Amino acid sequence: MANHKSAKKRARQTIAKNAINTEKRSAAKNLVKKVRDAIANKDKTTALELLPKTQKLLDRLAKHGILKPNAAARKTSRLASQANEL
């Protein structure tokens, strides 16, 4: 456990930031699932409608270090290619 005032504050900030990042990561996973479901159901309009939102969110999370940049790029690329195949 932290003993100094600054270390205690840093521990509080870490807990708060961890909760926010977990929430954002979960939202991204849910959006990716929605796109994948639309692709699986061969619903091209829904897939192409959700794809830009998903790409934007993944890029933002990669920019802020919540997701690794290559992981975000890989997911974006695979979703786009699968949606365009429909």
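The values are calculated or read from the model by the stated rules, or taken from the named source; none is laboratory data. This is a predicted model, so every value here is computed, not measured. Cβ coordinates were reconstructed from backbone atoms using ideal geometry, including for glycine residues, and neighbour counts include every protein chain displayed. Ligands, DNA and RNA are excluded from the accessible area calculation, which covers all protein heavy atoms including side chains. Shrake-Rupley method; radii C 1.70, N 1.55, O 1.52, S 1.80 Å.
For the chain, what is the accessible area per residue in Å² when the probe is 1.4 Å?
Ligands and nucleic acids excluded, the figure is 76 Å² per residue.
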**Request:** Just subtract the alpha-carbon distance of ARG78 and LYS24 from 0.36 nm times their residue separation and send over the number in nm, one decimal.
**Result:** 17.4 nm
**Furthest towards positive pole of dipole, ILE15, THR76, GLY65, structure part the chain, Cβ charges** = ILE15
**Message:** Per-residue counts of other Cβ atoms within 10 Å, averaged by peptide: what ranking do you get for 77-84, 13-20, highest first?
**Reply:** 77-84, 13-20
**Fill in**
Rounded to whole Å, √(5λ) for the Cα gyration tensor eigenvalues of the chain, largest first, gives 36, 12, 8
**Prompt:** Roughly speaking, to the nearest percent, how much of the chain's 1.4 Å accessible area is carbon and sulfur?
**Reply:** 52 percent
